[in-house]
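Worksheet: the structure to be examined is printed underneath.
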Amino acid sequence: MRHRIAITLSLVLIAIVSGATALQAGWTPDGAPVCTEAMNQYSPEILPDGAGGAFIIWSDYRELAEVYAQRVDEMGRRQWAEGGVELCPANANQGRSCVVPDGTGGFIAVWVGSEDHIDLDIFAQRVDAAGNILWGTSGAVVSIAGGDQAYPAVCSDGAGGCIVTWHDRRDSNNDDIYTQRLDASGNAQWTAGGVVVCTADSIQTDVGIVADGSGGAIIVWLDFRSNGDLYAQKIDAAGAVQWAADGVPVCAVYPQVQWYPASTSDGAGGAFVAWADNRGGDLGVYVQRIDSSGNLLFTPSGLLVCDADDTQRAPLIIADGSGGAIIAWEDFRSGSGFPDLYARLVNGVGWFLWTGTEGEPVRVFATGAVSYTDIVSDGAGGTIITWSDSRDEATSGLDIYAQRVDHSGTAMWTLNGNLICGASEDQDMKAITSDGAGGAIAAWSDKRNADRDIYAMRILADGGYVATTVSSFGAFPVEGSDRLEWTVSERCCVSDFIVSRQELPAGRLLDLDGGPASTDGLEFSFADGSVEPGHEYSYTIFTVEDGDRRALAETGAVEIPVSPLRLYQNSPNPFNPSTKIAWYLDTRAHVTLEIFDAAGRRVATLVDRVQDAGDHEVIWNGTGLDGRNVASGIYLYRLTAGKRTRTRKMVLLR
């Protein structure tokens, strides 16, 4: 069941306006599109923007493998260029990104690239709040040493820069661990190519990093020098290792391997580390705390978090803000063969504070399995956990669910989680971050449109989600007036609309007299007959609910032409399989005629050439840019003649 729609945070889903391409999208049921460019977008990373929205970074295959980013505000509107900002236009074949805030409203992204197209290297880019890349078109070099450098992890250095650690094969085919610090300008601060963390015999892998709060970091990894144990090392702000050479053991229980290490800060210069191992037979979950001097504060082999029947694996861990940590994991105790989710809180001295001795249920006994789990603090001592869920795989593929667990271990939302996205096909490879108000913003890779795209959704602290009630919106000049049209997805409780107008470029925003017309409570229109030919205007539509006035939608510039330019209603309408679109030009002009779908994406260009004055027409057969038939639905067709634009709506029914 879907949950409460926050109408007071409504915003525009699409806006096609004079002289502009598709504008921002907002939160909608099943998620807002972040990037729907051609080919595939994978593996999103997400972090808060400090203003209620989020930065979302992903691997993009629209050309070669590249890294892109987009910012969405608290209402889900894309803030940067359509399709996102490319973080490294100069280098191809990039991926496996990780991100961290830069402390000034932007972020630093780190990725694996190939400068020589032979070995893998590590690069980074800093991006400000406006989407400007700050470290050059190629990004900053973290390491371009010989051999492969891969699987980076990053934390903040507390001074506008970052500390990066990675797997390194410069000296052998076995992975070692190195680290480097970049300052706020992208300059490497330590030894060129990075500081050695561990070069012990055999393989070091699954590296993670936690800031120590003093400009340095604690690095944790899985180490096979003996059997497969967990080790850690502390690096200070100057790049000097602080503990024993090649690290100190966090857990070394022979002959078991410690799988799935995860770490978080303890808030006192140390770290919590969680993992799974099979010392009890099946895999169970354990946790350890290591202080700033490298001392183990819990039982030397780690505290047992859960060793219920069958397997517990893939733990995640997040600080609770009070010196403790919340651990969540995949759990097979049900015997169904599919994993559920459980969680448990440990405090700084190793006491488990929730009543469940084997963890508190987050998602249990539902059909299907969980995967791609992620965790974030709720800002109040609890956590929000999100995952991909196959319970409805036969009808909708993998879906996105979430659950909030408070500081007492109580699940706050619907049993087995709230459905965040149940769109067709798979939603997976997801990430989550705080919205700064007790809720969260989740992003994921989505196959609803055949190719993989990036979508996102905001979940409120009470388990509802923010979704727009606007399914379409347009603004265009009609016979000496400006006409605004919008359609809501359901009859809502908005008691009134107010339309305000600003004359561009710098006029005041003024409320206009009168309200919109509507025949069914779903489609609304408003005509502004007080405009003057040759002038440009923008409009804002406000809702008024319980005396609270909020912006619903904003247009771009709408120009009132000084001479007639006519775009006629298509015929037939609705249509199947084809329709005629006609227009009249009062003067010779370069003409483009484009088709947009309900998400604001251009699906076809029917005309793009100079035409003489007079009547013109063209047939659209309902095919897109790729030559395939488009789906049934509402489409907008836009005529641009020189600087003038006309837009109309049509319906395709297959």
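The values are calculated or read from the model by the stated rules, or taken from the named source; none is laboratory data. Nothing here was measured: the structure is a model prediction, and the numbers come from that model. Cβ coordinates were reconstructed from backbone atoms using ideal geometry, including for glycine residues, and neighbour counts include every protein chain displayed.
Criterion applied to L585, L593, L652 was being crowded, with 19+ Cβ neighbours inside 10 Å and at pLDDT 95 or above, and the one residue passing it is L593.
The residues listed here are T179, T205, T199; of these, the one that is crowded, with 21+ Cβ neighbours inside 10 Å and more than 30 Å from R77 (Cα to Cα) is T179. Restricted to the stretch 52-80, and to residues that are touching a residue at least 60 places away in the same chain (Cβ under 8 Å) and not in a strand (DSSP E or B), which residue is farthest from I108 (Cα to Cα)? Across the stretch 52-80, the extreme among qualifying residues is M75.
Looking at the stretch 225-235, which of its residues are out of contact with any Gly (no Cβ under 8 Å at 6 or more places or on another chain) and either among the β-branched types (V, I, T) or in a strand (DSSP E or B) (or both)?
Listed by number, the residues that qualify are D229, L230.
Tell me, yes or no, whether the stretch 386-397 has at least one residue that is aliphatic (A, V, I, L, M) and under 25 Å from E74 (Cα atoms). Looking through the stretch 386-397, none of the residues is aliphatic (A, V, I, L, M) and under 25 Å from E74 (Cα atoms). Taking the stretch 35-51 as the range and being assigned to a loop (DSSP other than H, G, I, E, B) and either more than 22 Å from A65 (Cα to Cα) or hydroxyl-bearing (S, T, Y) (or both) as the test, the residues that pass are T36, D49, G50, A51. If only residues of the stretch 317-346 that are farther than 14 Å from G381 by Cβ and among the β-branched types (V, I, T) are counted, the one that is surrounded by the most Cβ atoms within 10 Å (Cβ to Cβ) is I327. Screening G335, G350 for residues that are assigned by TED's automatic domain parsing to the domain that holds F298, without any contact (Cβ under 8 Å) to a residue 60 or more places away in the chain and assigned to a loop (DSSP other than H, G, I, E, B) leaves exactly one candidate, G335.
Only strands (runs of 3 or more DSSP E) wholly contained in the stretch 97-161 count here; list those with 3 or more residues that are under 22 Å from the mean Cα position of the chain (by Cα). Show your work before the answer.
Values: elements: 107-113, 121-127, 140-143, 149-156.
Passing ranges, in order: 107-113, 121-127, 149-156.
Does T357 satisfy the criteria of being part of a loop (DSSP other than H, G, I, E, B) and surrounded by fewer than 23 Cβ atoms within 10 Å (Cβ to Cβ)?
Answer is yes for this residue.
Have a look at P48, P44 and point out the one that is modelled with pLDDT of 90 or more and closer than 14 Å to I454 by Cβ. Exactly one of P48, P44 is modelled with pLDDT of 90 or more and closer than 14 Å to I454 by Cβ, namely P44.
So which pairs qualify, if the first residue must be in the stretch 205-227 and closer than 20 Å to G161 by Cα, the second must be in a strand (DSSP E or B) and basic (K, R), the Cβ gap must be under 7 Å, and the two must be at least 6 apart or on different chains? As it stands, the answer is D212/K234; G216/K234; I218/K234, since those pairs meet every condition given.
Within the stretch 324-331, is there a residue that is free of Cβ contacts under 8 Å to residues at least 60 places away in the same chain and in a loop (DSSP other than H, G, I, E, B)? Yes, some residue in the stretch 324-331 is free of Cβ contacts under 8 Å to residues at least 60 places away in the same chain and in a loop (DSSP other than H, G, I, E, B). Total residues in the stretch 105-148 satisfying the condition of being in contact (Cβ under 8 Å) with a residue 60 or more places away in the chain and either charged (D, E, K, R) or surrounded by fewer than 24 Cβ atoms within 10 Å (Cβ to Cβ) (or both): the figure is 4. Exactly one residue out of S390, S408 is of a type outside the set (A, V, I, L, M) and surrounded by fewer than 19 Cβ atoms within 10 Å (Cβ to Cβ), and it is S408.
Scanning the stretch 387-409 for residues that are part of a loop (DSSP other than H, G, I, E, B) and under 18 Å from the mean Cα position of the chain (by Cα) yields one hit, L398. Of the strands (runs of 3 or more DSSP E) entirely within the stretch 251-292, those holding at least 1 residues that are among the charged types (D, E, K, R) and either touching a residue at least 40 places away in the same chain (Cβ under 8 Å) or out of contact with any Gly (no Cβ under 6 Å at 6 or more places or on another chain) (or both) occupy 271-280, 282-290. Restricting V376, V349 to those that are buried (at least 23 other Cβ atoms within 10 Å of the Cβ), hydrophobic (A, V, I, L, M, F, W, C) and modelled with pLDDT of 95 or more reduces the list to V376. So, in the stretch 130-146, of the ones that are of a type in the set (G, A, S) and in contact with a Cys (Cβ under 8 Å, 6 or more places away or on another chain), which residue ends up modelled with the lowest pLDDT? Checking each candidate, the answer is S138. Every listed requirement among (1) at pLDDT 95 or above; (2) small (G, A, S); (3) surrounded by fewer than 18 Cβ atoms within 10 Å (Cβ to Cβ); (4) farther than 25 Å from G269 by Cβ is met by A314 save one, (3).
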